[in-house]
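Worksheet: the structure to be examined is printed underneath.
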Amino acid sequence: MFGGLLLSKSATAEVTNLAGPRVGVTVLSPGLATDELETYVISQYGWQLETRFSATDDIAALAEWVILAGGMEQGYFLPSVSSLIGIRKDSGFEAAVGPNLSISGIGIVMAVGQNFQAGNFNLPVNLSWVPSNNSEWTNGKTGHRISITCGFNMNVD
């Protein structure tokens, strides 16, 4: 559910806003979502925003927002918003955690990813997990959500 530009050693002291499209799929475990949707896989489409708030030569601290709409291939509009705090190494490996808000309620999202770079082109690939929760608002187990997303952006300094 997050990704972005590979940390550039020439720009480590800068706070940079990065954005890019994201597409992917989410697999749902049995729970309220699959009971209502009658499916276990939905598509995802959205946008990711990012700000570096601290950086050294080999690691950057990040704040990210990921806004997704899921289930459109089945005629659904299933929005979700995640706010993540994490790190990215100069190798492109990244990890983050934060709250996730969706029609299933609020939960926590944990994500890891790798940015693949070819020249100025970046291809972030991320795996995220929102554990099932049981709250009064959802009135039952929501089911786990495991997503794989990828995106693209250009590193233009």
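The values are calculated or read from the model by the stated rules, or taken from the named source; none is laboratory data. Keep in mind that this is a model prediction, so the values were computed, not measured. Note that we place each Cβ from the backbone using ideal geometry, even for glycine, and neighbour counts take in every protein chain shown. Calculation scope for accessible area: heavy atoms of the full protein, side chains included, ligands and nucleic acids excluded. Shrake-Rupley method; radii C 1.70, N 1.55, O 1.52, S 1.80 Å.
Cβ neighbours within 10 Å, averaged per peptide: list 34-44, 95-105 in order, most packed at the top. Numbers along the way, then the final one.
Details: 34-44: 14.8, 95-105: 18.4.
So the order, starting with the most tightly packed, is 95-105, 34-44.
Starting from the residue with the highest accessible area, list T149, T51 in decreasing order, probe 1.4 Å. Please list the in-between numbers first.
Numbers: T149 5, T51 45 Å².
The most accessible residue leads, giving T51, T149.
For the range 88-157, which trypsin sites (Lys or Arg not before Pro) are both in a DSSP coil and crowded by at most 13 other Cβ atoms within 10 Å?
none
Taking all protein chains together and a probe of 1.4 Å, list L84, L127 from the most accessible to the least accessible.
Working: L84 0, L127 85 Å².
Sorted descending by solvent-accessible area, the residues read L127, L84.
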Over its alpha-carbon atoms, the range 50-112 yields an Rg and a Dmax in Å of 14.1, 46
Rolling a 1.4 Å sphere over the protein heavy atoms, what is the accessible area per residue of the range 56-157, to the nearest Å²?
51 Å²
Sorted largest first, extent of the range 88-157 alpha carbons per principal axis (Å)
49, 19, 18
Using θ = phi - 60° and the Karplus relation 6.51 cos²θ - 1.76 cosθ + 1.60, list the HN-Hα couplings for the range 98-114 in order, rounded to whole Hz, with x at every Gly or Pro.
x, x, 10, 10, 9, 5, 7, x, 9, x, 10, 10, 10, 9, 9, x, 9
S54 - accessible surface, heavy atoms, 1.4 Å probe, Å² rounded to 10
60 Å²
